[in-house]
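This report concerns only the one structure given below.
Coordinate-derived values only; no laboratory data. Keep in mind that this is a model prediction, so the values were computed, not measured. Ideal geometry is used to build each Cβ from the backbone, glycine not excepted, and the neighbour counts take in all protein chains shown.
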């Protein structure tokens, strides 16, 4: 069955001021209607200020990182899109014509990227509006309907969010939310648009439900009509929306109060040259440059700050060791402590020091992980921490002494091992570890044991 | 009667105490305005503001360029704390939370805002009869319409109720009432005066401009309000204007364009006054040149199509949720007419045929006017094609629209034009329209000043 | 609603006149902006408006409509919620 899925994704841009006025954009903790002015509340006679430069340049950068062609030396009109809704203070939304077109990500074609202003926040149940969010710049990314399954849709959204995060120009939504409108058509049937999706998971579930719903209709011999539906998160279903809410004719006109955008090639070149490397390209480069496995590199590039940390680390520590640590122990600590890579309290230098200690055998990898966990709680010189935690390994002579002691005290176990019982070795290692108060590397203990037992009289 | 600049000098020198000056005008307003109906709301703090400026003068402090002069404000310009109603039930209780940019400039120059003036509802009219607060009278031609939509502004200046007024002109709304009431007005080049805080009729056509009893007053007010503002987007790059300096210069040798088209479209009694005016200019040493304006009358319908689309868009915010009432529920006929027309011709299926085609006609009109103006310094002619009708007389829609034939081409082209009293017929004032190239306010005002000086003998 | 029909009809008269007078005019470029912009006018992303300005406007803004204890503007409850 031919499935065609496409997305329209909206993401807020990280600017200090709104798109067409100078109001602050940090509205999450602000009391309702405290970050507003005549412009973003649609007061009579209020006219927009010239568009926010940072927002325009962010849209260009996002277009470039998605492999698009930026529209240069041609007027890009900012249009008025008219419709009636309580969260839209002027009765129209200002939205630009495409700024960049014809890109692709993970095999899905990107049709276009453009700018628009966020409406306010309307609570339909309580019947109230807060305009703090009104006027914040949004980038809208429209894909072609190249996606063919809910799984592919989920992976695509993950990749897209990661790529956008890389630019550092988008404002992360609370709780990792994603604003996406999805469209889907089956076997050339009517195109159904689904609104009110706020998460990657929601998109996945909405698509699964919608495919089931449409398949059922088609099996019954009914037609799937073209319509707009709303996704209800609680029930994980889609329901029809009243057409009047989403009028077809928006009566687009160029906004007479705003000059069209005009982007020149030097601006595009400047942005391109200072852009961060997109994650999929960085992944390939890490594999090549540091000779690490693909699946490890993928984990490293999952966050830009993590990849930055890795590259700095790999300059001073064995890259493969570093990579293994990043993929396993470091990722584990971050997940356990619910930290983003850019939020870690320790410095990269401290991490490098720790890894050097592991590399040099000063601490065991297990000890290293414990130190890392401490570092993530209260950063300090790792050597200090190692001392505090009593992790400094015994000197070889001390260890040999303990190995000899334990061998002498456990002749039965030694005999068992000699006769082929491998578990006996583990038992002996355990005994030694305890006596050494963990200040030894179990691999080193094994090695010494095997050596000693081979030459012992038992 | 003393001119605006003399009055200003007298105030600055302390010969006319500011408070006394304002009190006198308030007295006159009290006496006359019940009949004239030029004001919707008087500024309750006007005497306090006058005192403040008077004290400034007493203390020898530096005072602004409009020191103590009273300015009436058309009711579609936001003045913080006053009711900015657009003469409509939609906004009848809308107390503005912010000052328009031009109001900030007036305050910075110590003007005294005397009150909010009557107008045609949402500026949709040319007669002064469509206000939700009742029609305005014509003090110079009682029983006749004062013109519109800046009816209150022109009538109050004509009747001495305030020193100056701020009006707005989208299709002739300053020039039309100035002609009917016998006062001076100017529609600036589009983009010269900031529109931040002006409640829209047609965004690509609206301009705020001065209404004054004399040309010097208009020039002074124009100097204060004109110039680039960083607080909006679509503006010309001109920082400030200098208009008073060369205002009284000799106009000998300037070339004046006239067009036969004006005669074709205009009532002969009006043309008689205009022709005499042109002779006056000839006597002053100006060269009279004929110019071609073959498509002039096509501007009218193109104008009404464009302004309707823009007005429809502009009024979507009047949904009654954050302030006022939903406009379609309470507005007058002409306002509703423009909203419905705008909604219709901006639909996907009609846009090309009407709206976009009208924008093509706009290109034609602009090209034609600019071409004609390249041959002369200014073009001169009548302001209105027919005499103002009697208040309350029933006109068809197209009869009403036809007042605008000679004024809308200027708005479509975005150029500037002023009106100066030229005489009377049947006791009704007739204004001479002086049209200039973009940013040629200096030329236009110079001609108007020379003409005015000549007429006053 | 008959009044509205009359107004609608009278609104369309000028459309007929427009089509008539422009019938033989050539196709031309559409004029969207009378003032020509010099390059793209953009605004720097600097510090936002000061708190005092925001507070003053908030007071005036909330006094123009009905609002709740927190300062949200009261509007209508969504129609499709009422289904």
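Using 0.36 nm per residue and subtracting the Cα-Cα separation, the extra length available between residue A:220 and residue A:389 on full extension is 53.9 nm. Report, to the nearest 10°, how far helix A:348-359 tilts away from the longest principal axis of the Cα atoms in chain A, using its own Cα long axis and a range of 0 to 90°. In chain A, helix A:348-359 runs at an angle near 30 degrees to the longest axis. Rg over Rh for region A:308-391 works out to 0.92, both radii taken from alpha-carbon positions and Rh defined as the Kirkwood radius.
Rg/Rh for chain C (Cα atoms only, Rh after Kirkwood) is 1.21.
Taken over the C-alpha atoms, region A:396-455 has Rg and Dmax values of 10.2, 29 angstrom.
Once Rg and the Kirkwood radius are both taken over the C-alpha atoms of chain A, their ratio Rg/Rh works out to 1.12. No solvent, one uniform scatterer per C-alpha: report log10 I(q)/I(0) for region A:227-377 via the Debye equation at q = 0.11, 0.17, 0.21 1/Å, two decimals. Listed by q, the Debye log ratios stand at -0.66, -0.93, -1.26. A Förster radius of 45 Å, combined with the Cβ-Cβ distance separating residue A:198 from residue A:438, puts the computed FRET efficiency at roughly 0.45. When the P(r) is computed for region B:4-455, the part past 38 Å accounts for 16% of the Cα-Cα pairs. Legend: mean number of C-beta atoms from other chains within 10 angstrom of residue C-beta atoms, peptide B:310-319, equals 6.
Placing pseudo-labels 7 Å out from each Cα toward the beta carbon at residue A:73 and residue A:102 gives an inter-label distance of 1.6 nm. The stretch between residue A:427 and residue A:415 holds 3.1 nm of extra length on full extension. This uses 0.36 nm per residue minus the Cα-Cα distance. Placing a label point 7 Å from the Cα of residue B:255 along the Cα-to-Cβ line, the residues of region B:411-447 whose backbone N sits under 14 Å from it are B:437.
Semi-axes of the equivalent ellipsoid of the protein assembly as shown are 74, 31, 25 Å, computed as sqrt(5λ) over the eigenvalues of the C-alpha gyration tensor in descending order. Between the beta carbons of residue B:326 and residue B:45, assuming R0 = 30 Å, the FRET efficiency works out to 0.40 to the nearest 0.05. Take residue B:374, project a point 7 Å from its Cα along the Cβ direction, then tell me which residues of region B:264-292 have their backbone nitrogen under 20 Å from it. Inside the label zone: B:289-292.
Per-residue Cβ neighbour counts within 10 Å put A:285, B:321 in the sequence A:285, B:321, beginning with the fewest. Inter-chain Cβ neighbour count for A:21-34, averaged per residue, equals 4 (cutoff 10 Å, partner chain atoms only). Based on the Cβ-Cβ distance from residue C:30 to residue C:3, what FRET efficiency comes out when R0 is 35 Å, to the nearest 0.05? So the FRET efficiency works out to roughly 0.55.
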